[in-house]
1. I'd like the full set of residues that are part of a helix (DSSP H, G or I) and open to solvent by less than 30 Å² (accessible area, probe 1.4 Å), limited to the stretch 42-68.
2. In the set Ile241, Ile186, Ile247, which member is over 12 Å from the mean Cα position of the chain (by Cα) and either of a type in the set (Ser, Thr, Tyr) or within 25 Å of Asp159 (Cα to Cα) (or both)?
3. Going residue by residue through the stretch 287-298, is there one that turns out to be modelled with pLDDT of 95 or more, of a type outside the set (A, V, I, L, M), open to solvent by 60 Å² or more (accessible area, probe 1.4 Å) and under 24 Å from Leu181 (Cα atoms)?
4. Only one of (1) open to solvent by 70 Å² or more (accessible area, probe 1.4 Å); (2) at pLDDT 90 or above is not met by Met1, so which one is it?
5. Say whether the condition of being under 18 Å from Ala363 (Cβ atoms), free of Cβ contacts under 8 Å to residues at least 40 places away in the same chain and open to solvent by 30 Å² or more (accessible area, probe 1.4 Å) is met by at least one residue in the stretch 202-211.
6. Please indicate, with yes or no, whether at least one residue in the stretch 326-344 is more than 25 Å from the chain's Cα centre (by Cα) and open to solvent by 70 Å² or more (accessible area, probe 1.4 Å).
7. Check the stretch 318-328 and report whether any residue there is in contact with a Leu (Cβ under 7 Å, 6 or more places away or on another chain) and among the small types (Gly, Ala, Ser).
8. Which pairs turn up if I take residues in the stretch 37-65 that are closer than 16 Å to Thr10 by Cα and look for partners that are at pLDDT 90 or above and not in a helix (DSSP H, G or I) with beta carbon separation below 6 Å, at least 6 apart in sequence or on another chain?
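The values are calculated or read from the model by the stated rules, or taken from the named source; none is laboratory data. Since the structure is predicted, the reported quantities are computational estimates derived from the model, not experimental observations. Note that we place each Cβ from the backbone using ideal geometry, even for glycine, and neighbour counts take in every protein chain shown. Surface areas here come from the heavy atoms of the whole protein model, side chains and all, with no ligands, DNA or RNA. Shrake-Rupley method; radii C 1.70, N 1.55, O 1.52, S 1.80 Å.
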Amino acid sequence: MDEALLRSLTPGVLGILVRRGADFAAAEDAVQDALVEAVRVWPADPPRDPKGWLVTVAWRRFLDATRADAARRRREDLVEEEPAPGPVPASDDTLRLYFLCAHPSLTPSSAVALTLRAVGGLTTRQIARAYLVPEATMAQRISRAKRTVSGVRFDQPGDVATVLRVLYLVFNEGYSGDVDLAAEAIRLTRQLATAIDHPEVAGLLALMLLHHARRASRTTPDGGLVPLAEQDRTRWDTAMITEGVAILQAALARDRLGEFQAQAAIAALHADAPAAEETDWVQVVEWYDELARLTDSPVVRLNRAVAVGEADGPHAGLAALAALDAGLPRYSAVAAYLHERAGDPDTAARLYAEAAHQATNLAERDHLTSQAARLNTRGAG
């Protein structure tokens, strides 16, 4: 059973049903039924036209459901619209589905779940396991999202930025359960890149590839966090880095800079350095300046302070940090690092402990705790 093929066909089949007039929620249920039937039937009797088979079965399931609760006239109209057997005409409704699943009326968590189900072809159980929530909870979230977008008409262009943020949320979830969400986000972003020619789509794809290339070196065998400067760069995926850089360069050449391109440029500078001490921190700071101009994000300015500390020295980094709100996430961790670099281990140890207390991620909390213990032990010695 080619699960990857099924998942790649899902958005096209769903798009065809919606374009033919099916309500989104009912169409999505019908497509899921067709996928279940394919898993049952295809291993013993694979179809010559997989997409056409799915469209036919999904449409019939939709009609069966419609007959149960729709008026006779509407039922007869739908029966007359049933497609004739044979190859499905080439068309791509994937882009429309991306915009529908990232509709502004949905919460980010609902948009992510609906995208994974309707565009990604994942089951409710797979999505629930990936997010470590009960299947019933995820089913309710997806059902509410489908009801919200049912009947939505696209009489204006969709918001690409919203779609990209949803995909970035998927990517940042990383891996849990039986679905690698980082890899799934890359697959979906590749798919989006084939449907729309937009430099920020390319920028996001490049960013994902450049980050994902470092995945094998990010943690120790027991799950401990390995900071970028300490990662074994021989374990980075050079082919993925090469692809990401090439995609980024093509996007930047169009001179329509966006935040994902700027983030990818920073990631590319890290990927290009043979060792941490060879990183071109001056260029990194310049790209953070561009990113801050584009986003006006305090988190970006926090990361910029780290880069300034590397490029111009820890005291310059602390000066940049002083202009920011101390309540920002990871502020204490950044301050601890810069104070240690500036030769103030006592303050650094206190701030590392404070940052560990504030951390929401167990691996990060353990890392910060060990940093505080290291400095305290050194001071006691």
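1. Result: Gly52, Leu54, Val55, Val57, Ala58, Trp59, Phe62, Leu63, Thr66.
2. Ile247
3. Scanning the stretch 287-298 turns up no residue that is modelled with pLDDT of 95 or more, of a type outside the set (A, V, I, L, M), open to solvent by 60 Å² or more (accessible area, probe 1.4 Å) and under 24 Å from Leu181 (Cα atoms).
4. Only one criterion is unmet by Met1, namely (2).
5. No: the stretch 202-211 contains no residue that is under 18 Å from Ala363 (Cβ atoms), free of Cβ contacts under 8 Å to residues at least 40 places away in the same chain and open to solvent by 30 Å² or more (accessible area, probe 1.4 Å).
6. Yes; the residues of the stretch 326-344 include at least one that is more than 25 Å from the chain's Cα centre (by Cα) and open to solvent by 70 Å² or more (accessible area, probe 1.4 Å).
7. No.
8. Filtered contacts from the stretch 37-65: Trp53/Pro47.
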